[in-house]
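In what follows, a structure is listed as structure tokens, so that the remarks can point back to it.
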Amino acid sequence: MSSPAADVALLTDPRYLAESAEPGDWYLDNILQDDRLLRDALRRLGLTSERVDWSRPGVAWSRYRCAVFRTTWDYFDRFAEFTSWLDRVARETTLCNPAALVRWNLDKHYLADLAGRGVPVVETRFIERGATVKLSEVLAESGWTDAVVKPCVSGAARHTYRLAPATAAGLDPVIERLLAHESVMLQPFQRDVTMSGEDSLMVFDGAFTHAVRKTPKAGDFRVQDDHGGTARTHTPTADQVELAERAVAACRPAPAYGRVDLVRDNRGDLAVMELELIEPELWLRYHPPAADQFAKAIADRLAPGKTDS
């Protein structure tokens, strides 16, 4: 029998495998800071870990007690490959978060499920694969004069566009190409994103640990640092914490970890913008004690009697 490779595989993608960042590579340095904090926390619990490219051929996944999704930030560009890999690896080791939860969270139709379970989410219209639509007509039907359209399977603001009735026709060819092979979603633009920002609350084993506020650069609406957005520590209100924990509690099965992105919608009510359970940026470096909560959540999944359901 082969000896274990490590207790925990921390899943990344080929771009982020280096163990040190070149001078000036702040993006990789941020990733490595968070992974070091988690690996140190796992070590304190007696668990070994190593960073592994999820797509590397020939990995013996059964040699790991579990695999934890961390920075697999190319899955949406390699969707068919990723989902096939997910099915295979789920039979070989424990996945954290579980495969069923990952499949559900891959597609932003999950927002409709959350709404059906009583969780307030940003109003969303789905346009299904194969449909033929004119965005101007969808806007007219909804009454929205400022909206955002993007694929239901996406990340890093992939094919995310802001549109208005006057600009909708120019995006029709782009959306038509996307609809040939995937579904898209349309939401009213949330004005508070450019005014106050978007708040991300981290939740481990159902309990809130810390938060950041993400704001776009001047003249943009995308809060991701890939597009010039910035993040800073944030002290959330009690109702934000309650909603974040309620959103995570509505998931089936329960996640070990996740991030809940919240905004004040255009009516002034708190709403879930996104629920990130696959490979969320968790900003452990902004609140190092959260790494211990993360490590404990992983260790709990390895306890006897736990299953990847």
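The values are calculated or read from the model by the stated rules, or taken from the named source; none is laboratory data. Owing to the predicted nature of the structure, the values given are computational and were not obtained by experimental measurement. Don't worry about glycine lacking a Cβ; one is built from the backbone with ideal geometry, like all the others, and counts go over all protein chains shown.
Numbers at a glance
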| quantity | calculated |
| --- | --- |
| Residues (under 18 Å from residue 232 (Cα atoms), out of contact with any His (no Cβ under 6 Å at 6 or more places or on another chain) and not aromatic (Phe, Trp, Tyr)) located in the range 265-309 | 280, 281, 282, 284, 285, 288, 289, 291 |
| Restricting the range 121-137 to residues that are surrounded by 15 or more Cβ atoms within 10 Å (Cβ to Cβ) and among the charged types (D, E, K, R), the residue that is nearest to residue 273 (Cα to Cα) | 123 |
| Restricting the range 149-168 to residues that are assigned to a loop (DSSP other than H, G, I, E, B) and β-branched (Val, Ile, Thr), the residue that is farthest from the chain's Cα centre (by Cα) | 167 |
| Residue match in the range 213-223 (condition: of a type in the set (A, V, I, L, M) and at pLDDT 85 or above) | no |
| Checklist (1) farther than 30 Å from residue 49 by Cβ; (2) free of Cβ contacts under 8 Å to residues at least 60 places away in the same chain; (3) surrounded by fewer than 16 Cβ atoms within 10 Å (Cβ to Cβ); (4) not hydrophobic (A, V, I, L, M, F, W, C) applied to residue 118, failing item | (2) |
| Elements of type strands (runs of 3 or more DSSP E) contained in the range 37-132, each with 3 or more residues being over 15 Å from the mean Cα position of the chain (by Cα) | 49-53, 64-71, 125-127 |
| Output for the range 14-46, where each listed residue is among the hydroxyl-bearing types (Ser, Thr, Tyr) and surrounded by fewer than 16 Cβ atoms within 10 Å (Cβ to Cβ) | 20, 27 |
| Candidate set from the range 9-33 (those that are in contact with a strand residue (DSSP E or B) (Cβ under 6 Å, 6 or more places away or on another chain) and part of a helix (DSSP H, G or I)); member that is nearest to residue 299 (Cα to Cα) | 31 |
| Tabulated pairs, the range 169-186, first in a helix (DSSP H, G or I), second of a type in the set (Gly, Ala, Ser) and surrounded by fewer than 16 Cβ atoms within 10 Å (Cβ to Cβ), C-beta under 9 angstrom, 6+ apart or interchain | 179/130; 179/131 |
